[in-house]
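For reference, the structure discussed in these notes is given below.
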Amino acid sequence: MKIEIHNLSKVIRKATILDQISLVMESGKIYGLQGRNGSGKTMLMRCICGLVYPTEGEIWIDEKKLNQDISFPQSIGALIENPGFIGSYSGFQNLKLLASINPTIDDAQIASSMERLGLIPDDRKKYRKYSLGMKQKLGIAATFMENPDLILLDEPFNALDEKSIAVVKDILLEKKKQGALILLSCHDHEDLEQICDEIFVIQDGKQIRTYSPLKESERSKTNEEGT
């Protein structure tokens, strides 16, 4: 998969949310969106999902124009802002209902996705009684469970403890090896730099910097050895 974003802008009630963003992303890599809350990260993800139409610019996915040739990316798993599930259903019931929309996985695969993130498939607790961390884990499990080609995660480490964060990072690296294109947003540059191939820094809706953590690390090491 290849995603090309050309001069994308989004204006709402005269407020510029995104301003001339241009990115290129490919399968088998993890990309990061770094920026403070309100910088435009979530809006960019919504545009890539086809949930929001840009005011200007284009998004191309595998040479097809989003919102013209296709309405949304094929084979996508996305967690944008807060997970949205049915409060009176258990975690497993919620994921089973979601999977029924495009039935490609069975109950065992759903259960495995939950267990990987420390959730118990047989737990009858209703979603509305979940802690914030459990809700976040269920949202992430929903994103991963169908092994999508495109994965979008908006602040996935929110409400997670260090052990759970490490598990999510391991899963992301596994999905990368399997050829997925992964885009995640985070305000903490250290979390992004541990797993991302390339990071796009967004500030006030503008793309102010793009860098590769690995190349930056190698450059710093070379400089230290030369002193």
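What follows draws every value from the coordinates through simple rules; no lab data is involved. Just so it is clear, the structure is predicted and the values come from calculations on it, not from any experiment. Here the Cβ positions follow ideal geometry from the backbone for every residue, glycine too, while neighbour counts run over all protein chains shown.
Put simply, the convex hull of the Cα atoms in region 31-149 casts, on average, a shadow of 8.7 nm². Centre-to-centre, using Cα atoms only, region 110-165 and region 177-200 are separated by 18 Å. Over all pairs of different C-alpha atoms in region 83-147, the reciprocal of the mean inverse distance, the Kirkwood hydrodynamic radius, equals 11.4 Å.
Restricting attention to the chain, close to 50% of DSSP beta bridges with both partner residues there are antiparallel.
At most 13 other Cβ atoms within 10 Å and a DSSP loop assignment: could you name the trypsin sites (Lys or Arg not before Pro) in region 68-163 that fit? Show your work: numbers first, answer last.
On the way: sites: LYS96, ARG116, ARG124, LYS125, LYS126, ARG128, LYS129, LYS135, LYS137, LYS163; in loops: ARG124, LYS125.
Those that pass, being in a loop and sparsely packed, are ARG124, LYS125.
Taking other C-beta atoms within 10 angstrom as a stand-in for reagent exposure, GLU198, GLU81, GLU58 fall in the order GLU81, GLU58, GLU198, fewest first. Please list, in order, the residues from region 113-143 whose amide nitrogen is less than 20 Å from a point placed 7 Å along the Cα→Cβ vector of ASP188. The answer is 117-119, 131-141, whose backbone nitrogens lie closer than 20 Å to the label point.
The mean of 1/r over all pairs of different alpha-carbon atoms in region 96-196, once inverted, gives a Kirkwood hydrodynamic radius of 14.3 Å. Taken along its principal axes, the alpha carbon cloud of region 63-104 reaches lengths of 40, 25, 12 Å, longest axis first.
Distance check, please: which entries in LYS10/LYS163; LYS41/LYS125; LYS2/LYS169; LYS64/LYS129; LYS126/LYS206 exceed 30 angstrom between their Cα atoms?
Working: LYS10/LYS163 37 Å; LYS41/LYS125 33 Å; LYS2/LYS169 22 Å; LYS64/LYS129 42 Å; LYS126/LYS206 41 Å.
Where the Cα-Cα span goes over 30 Å, the pairs concerned are LYS10/LYS163; LYS41/LYS125; LYS64/LYS129; LYS126/LYS206.
Fewest neighbouring Cβ atoms within 10 Å first, the residues ILE3, ILE70, ILE61, ILE101 line up as ILE101, ILE70, ILE3, ILE61. Stokes-Einstein diffusion for the chain at 25 °C, viscosity 0.890 mPa s, with a Kirkwood radius from C-alpha pairs, works out to 133 µm²/s.
Measuring nothing but how far apart in sequence close Cα pairs (under 8 Å, 6+ apart) lie, relative to its length, the chain scores a relative contact order of 29 percent.
Neighbour counts of other Cβ atoms within 10 Å put PHE144, PHE72 in the fewest-to-most order PHE72, PHE144. In region 153-211, inverting the average of 1/r over every pair of distinct C-alpha atoms gives 12.4 Å as the Kirkwood radius.
Compute the FRET efficiency between SER212 and GLN178 as 1/(1 + (r/R0)^6), taking r as their Cβ-Cβ distance and R0 = 25 Å, and round to the nearest 0.05. All intermediate terms of the calculation are to be shown ahead of the outcome.
Numbers: r = 21 Å, r/R0 = 0.85.
It comes out at approximately 0.70.
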